[in-house]
Protein chains: 2
Amino acid sequence: MESNNDKPSTPTNAGSTGSPGTQAQAKGFQAVRKAHQSEIVEDYVELISDLIEQCGEARPVDIASHMGVTQPTVVKNLARLQRDGFITREKYRSIFLTKTGADLANICRHRHRIIVAFLLHLGLDAETAEHDAEGLEHHVSNKTLAAFEAALEK
Amino acid sequence: MESNNDKPSTPTNAGSTGSPGTQAQAKGFQAVRKAHQSEIVEDYVELISDLIEQCGEARPVDIASHMGVTQPTVVKNLARLQRDGFITREKYRSIFLTKTGADLANICRHRHRIIVAFLLHLGLDAETAEHDAEGLEHHVSNKTLAAFEAALEK
DNA sequence: TCCTAAAGTTAGCCATGGCTAATCTTCTAT
DNA sequence: ATAGAAGATTAGCCATGGCTAACTTTAGGA
Ligand SMILES: [Mn+2]
Ligand SMILES: [Mn+2]
Ligand SMILES: [Mn+2]
Ligand SMILES: [Mn+2]
């Protein structure tokens, strides 16, 4: 999976190959890429959960308007969610979360709310807080989330 | 480019089609998708700028190890950066930033540093701060960035 | 000088996640 | 009861951004 760039010899270029700082930076970028893979799943299960709460059911057309994408895009993403065990569904019927999906939704909603609360606490308006939280939530480590919560306590 | 979902008629399901909250949420998701499009460009120009500073030149092999990807991946992404006017290069030679690329690098570095400083200010360790900043930096609006700076002043 | 290892490139594979166009199903209102 | 609208699906397109394998070029050291 990884390349073994740990030759101490002929480091043509200074301060690059596999230095501790380099590796740490690479880890950061890899974490970002990993977060992007989970992102759609997280946003979808959270939205589906909200729609079931608020509307009684989660339909592709509503997911599409909330996500700002077309219905075929929703259908395609729902197929992945089903494949990966987060939802169950039958053709032309509304969508249900599996236990796995519902659990993930709760975790995501919790995370989301902490971030929004933290941004509001910093003095931002509600719209900006919601707007930015939608992206930030996927890149906040547990440590940082805890720091946000701690700041809210004070 | 956009679909016109502003039918006030027959909203079969309550509280969904084009309601103000729904549209605001959609705007948030759209902003996240847009951020993801600029992300690679931003991270690459910032890294290239750093490598030129620290090593005297930016070579694909070093970009690869810092980004945690393979060299062919770097080459492909560099082709896009060149196509879009952020870098210039000749085959088998190291990479240079255009004015556009260098300006963007400076903006990104500035942003990056503010976020790291803010996370450190919250009490996080340096590694976590750098790690999380790598993702967060692409999802912080100007308003939120300003709020971070304000918090640092105090 | 020239051989070889490292660096760079190319080709080609795959998954993701957007989109439009066209079709099919469901549901509602007459 | 049924026609038409709204919703759902399918098919097929495209760009992105990972990867491996194979090849070419460059450059350092014997
Ligand atoms: Mn992101
Ligand atoms: Mn989100
Ligand atoms: Mn969310
Ligand atoms: Mn980044």
task = Give, in nm to one decimal, the length gained when the segment between A:Ala24 and A:His110 is fully stretched (0.36 nm per residue of separation minus the Cα-Cα distance).
result = 28.1 nm
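Let me make sure I get this right: for the protein assembly as shown, a, b and c are the square roots of the gyration tensor eigenvalues over alpha carbons, sorted descending. Under 1.5 in a/c it's rounded, otherwise prolate if a/b > b/c, else oblate. Which is it? Don't skip to the answer; put the middle values down first.
Details: a/c = 1.97, a/b = 1.64, b/c = 1.20.
Prolate, because a/c is 1.5 or more and a/b exceeds b/c.
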request  = Every other copy gets compared here: list the nm distances from the B:His36 label point (7 Å along Cα to Cβ) to its counterparts, shortest first, one decimal.
outcome  = 0.8
Tilt relative to chain B, helix B:126-136 - C-alpha long axis, 0 to 90 degrees, to 10 = 60 degrees
Lysines with Cα under 24 Å of A:Lys154, excluding same-chain neighbours fewer than 8 positions away = A:Lys143, B:Lys143, B:Lys154
query = What are the label-to-label distances in nm, one decimal and shortest first, from A:Thr73 to the same spot in the other copies, with labels 7 Å along Cα to Cβ?
reply = 2.5
inquiry  = Shape verdict for chain B, please, from the Cα gyration tensor: rounded (a/c under 1.5), prolate (a/b greater than b/c) or oblate.
reply    = oblate
query = By the scheme Lys and Arg +1, Asp and Glu -1, what is the net charge of all other residues having a beta-carbon under 13 Å from that of A:Leu78?
reply = +3
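Could you tally the net charge around A:Ala133, taking each other residue with its Cβ under 12 Å from the Cβ of A:Ala133, Lys/Arg +1 and Asp/Glu -1?
Working: positive: A:Arg109, A:Arg111, A:Arg113; negative: A:Asp43, A:Glu46, A:Glu127, A:Glu130, A:Asp132, A:Glu134, A:Glu137.
Computed value for this residue: -4.
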message = Under a crude label model (7 Å from the Cα following the beta-carbon direction), how far is B:Lys76 from A:Glu149 in nanometres?
response = 3.9 nm
On Cα atoms only, tilt of B:71-83 relative to the major axis of chain B in degrees = 70 degrees
With Cα atoms, 0 to 90° folded angle of helix B:99-121 axis to chain B main axis = 70 degrees
key: For B:Pro20, label point 7 Å along C-beta direction: distances to other copies, nm   = 5.4
inquiry  = So if I take the centroid of the Cα atoms in the stretch B:38-107 and the same for the stretch A:48-75, what is the distance between those two points in Å?
reply    = 39 Å
query = Using the Cα gyration tensor of the stretch A:61-121, with a ≥ b ≥ c the square roots of its eigenvalues, what is the shape: rounded (a/c below 1.5), prolate (a/b larger than b/c) or oblate (neither)?
reply = oblate
remark   = Here the longest stretch of chain A that holds no GluC sites (Glu not before Pro) in a DSSP loop having at most 12 other beta carbon atoms within 10 Å is A:3-89
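Could you line up B:Ile40, B:Ile87, B:Ile114 from fewest to most neighbouring Cβ atoms inside 10 Å? The partial results should precede the final answer.
Working: B:Ile40 15, B:Ile87 23, B:Ile114 18.
The most exposed by this proxy come first: B:Ile40, B:Ile114, B:Ile87.
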Most mobile of B:Pro72, B:Pro60, B:Pro20 in a GNM of chain B (Cα contacts under 10 Å) = B:Pro20
ask   = In chain A, which residue puts its Cβ closest to the axis that turns chain A onto chain B, and how many whole Å away is it?
value = A:Leu136, 3
ask   = Near B:Ile52, within a Cβ-to-Cβ distance under 12 Å, what is the net charge of the other residues, with Lys and Arg +1 and Asp and Glu -1?
value = -4
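No lab work stands behind these numbers, since they all come straight from the coordinates. It should be emphasised that the depicted structure is a prediction, and the values quoted were computed from it without experimental measurement. Positions of Cβ are generated from backbone atoms using ideal geometry, with glycine treated the same way; all protein chains shown enter the neighbour counts.
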